[in-house]
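Reviewing the structure listed below.
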Amino acid sequence: MKNSNNRIKIETLPFLLSLRSRHGVFRALALSFIICHLSFSPAGAQNSLWEAYRDYWYTGVSVNQWQVDGEQAADWPVIAQHFNWAVAENCMKCEVIHPREGVYDFTLADQFVNKAKAAGMKVLGHCLIWHSQCAPWFHFDNEGKPVSRDILRTRMREHIYTIVSHFRGRVDAWDVVNEAFEDDGTPRKSLFWQILGTDYIPLAFQYAHEADPSAQLFYNDFSMNKSTKVEGVCRFFRPLIEQGLPLTAIGMQGHMILEDNVDNSVIRQYEHSIETIAATGVPTFFSELDLSVLPNPYGFSGANVSDKFAYRPEMDPYTKGLARDQEAKVEQFWIDFYKMLLPHHKDILRVNFWCLNDANSWRNDFPIKGRTDYATLFDRQSRPKPVVQKLIDLVNPPKAPTKKKK
């Protein structure tokens with residue numbers, strides 16, 4: 001590890017961060033000191049994932065409120081060490097930030113943004129327009145009937161303007177529209193679509209750009225390894241891009257399942273998708289990467305949060321730990337995945353992981369609640385798995401020891 005004297009060892013964190021409330025001031029100072037050292041470490045330090053790939057793409061992770069100011073705040077130094085982008089996992093979704101008409105609650109989102117910016121990180125707001133986790137009032141009038149086109153347009157504009165303007169200059173990018181297409185490449189028949197048709201998509205980008213012309217603006221979706229999906233999305237956006245739509249990049253979530261990757265088929269599919277998106281004239285990025293090691297029920301794929309399956313013990317085989325042969329397969333998957341990405345790095349804006357560690361990963365409860373998954377690069381104690389260093393070594397290999405002259 002280069003310049004090791006300038007960095008705080010992770011092993012010291014449990015002591016410093018477990019101090020009782022009567023030492024709250026010292027605890028806060030200690031945490032700030034640690035974050036400062038971890039976030040602004042010298043370039044090229046080999047124990048940082050984002051620093052290793054700084055010349056290739058940004059490296060990000062989603063963050064939940066309990067990691068900002070809660071029982072898992074000890075995760076924060078690890079986040080600041082290995083990632084230079086932070087994504088709001090839940091606190092900026094409509095049901096949280098705009099729960100009722102005319103009522104906005106920026107409390108959690110402000111805490112998240114302020115802490116990320118203090119650590120020198122870029123911030124992605126997730127997300128402005130999404131059919132899921134949208135506040136129940138958004139599409140209906142006082143009688144429970146769907147609102148008119150004009151009213152929904154007005155609500156969208158006010159929603160986007162208010163949120164983006166509030167964070168202008170602090171949030172660097174936005175997932176403007178999320179998951180607007182089906183796996184076959186056709187538009188999702190959401191309430192947004194039912195009332196406005198596909199016009200709601202370019203309108204959302206127009207409003208976001210007007211509210212903050214300096215912010216990067218993204219489209220984001222799952223199952224983008226499927227050719228029908230990515231080609232349908234690109235077919236929709238290509239003419240809009242040519243007409244000047246303020247779209248910075250098209251994002252691919254990347255909620256992958258290990259057993260689906262027969263002969264690296266999933267990895268090859270994503271390579272095709274990178275090339276397909278690049279042909280539209282904008283780059284791509286991976287927005288929500290994780291890798292489930294659990295059995296895939298019924299050939300399930302995607303990330304439609306409304307899809308659920310019943311718990312069965314045979315679908316939860318690793319409750320006592322991951323077998324070594326499975327660990328080896330996971331490591332090889334990530335190494336092969338990164339090796340695929342490297343030749344395409346000019347077309348990749350960011351590589352972002354969804355959830356820091358295995359304990360917090362949503363894959364433990366999706367699509368079957370209550371399982372034990374190992375979907376991230378960090379274990380349940382937020383310690384980097386060995387594969388993290390192996391990914392760093394792909395682009396920053398350790399130097400061989402210098403032989404002393406006789």
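Where a number appears in this text, it was derived from the coordinates with a stated rule and is not lab data. This is a predicted model, so every value here is computed, not measured. Backbone-built Cβ (ideal geometry, glycine too); neighbour counts: all protein chains shown.
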Next on the checklist: Set the bar at 29 Å for Cα to Cα. Now go through K339/K399; K93/K115; K189/K339 and name every pair that lies beyond it.
Outcome noted: K189/K339
Checklist entry - With contacts defined as alpha carbon pairs under 8 Å and 6 or more residues apart, what's the relative contact order of the chain in percent? => result 14 percent
Next on the checklist: Under 12 Å from a point placed 7 Å out from the Cα of Y311 along the Cα-to-Cβ direction: which residues of the range 344-378 have their backbone N that close?
Outcome noted: 365-366, 368-372
Item to check | Which of D260, D212, D105 has the fewest Cβ neighbours within 10 Å, and the rest in rising order | outcome: D105, D260, D212
Item to check | Listed values [x] 1.00; [y] 2.32; [z] 1.08, entry calculated as Cα Rg over 2.2 N^0.38 Å | outcome: [x]
Checklist entry - What FRET efficiency, computed as 1/(1 + (r/R0)^6) with R0 = 22 Å and r the Cβ-Cβ distance, is obtained for D365 and W66, rounded to the nearest 0.05? => result 0.90
Item to check | Fully extended contour minus Cα-Cα distance, from Y161 to V262, at 0.36 nm per residue | outcome: 31.9 nm
Item to check | Alpha-carbon Rg with Dmax, taken over the range 104-218, Å | outcome: 14.9, 47
Checklist entry - Tell me, which longest segment in the chain has none of the GluC sites (Glu not before Pro) that fall in DSSP loops with at most 13 further Cβ atoms within 10 Å? => result 144-406
Next on the checklist: To make sure I understand, if each residue's beta carbon is the centre and we count other beta carbons within 10 Å, what order do F378, F285 fall in, fewest to most?
Outcome noted: F378, F285
Item to check | Of K226/K385; K145/K308; K117/K226; K122/K145, those spanning more than 32 Å from alpha-carbon to alpha-carbon | outcome: K117/K226; K122/K145
Item to check | the range 97-200: relative contact order in percent, alpha carbon pairs under 8 Å with at least 6 residues between | outcome: 34 percent
Item to check | Selected from D290, D172, D325 as most flexible by GNM, with the chain as the system and alpha-carbon contacts under 10 Å | outcome: D325
Checklist entry - Could you give the length gained on full extension between N142 and Y298, defined as 0.36 nm per residue of separation minus the Cα-Cα distance, in nm? => result 52.1 nm
Checklist entry - Where in the range 291-375 are there trypsin sites (Lys or Arg not before Pro) that are in a DSSP coil and have at most 15 other Cβ atoms within 10 angstrom of their Cβ? => result K308, K320, K369
Next on the checklist: Test of understanding: in a Gaussian network model of the chain with alpha carbons linked when under 10 Å, which of V262, V61, V123 would top the mean-square fluctuation ranking?
Outcome noted: V262
Checklist outcome for this item: Ordered by fewest other Cβ atoms within 10 Å, a rough proxy for footprinting exposure, S214, S148 read S214, S148
Checklist outcome for this item: Out of P146, P367, P202, a Gaussian network model of the chain with alpha-carbon springs under 10 Å gives the largest mean-square fluctuation to P146
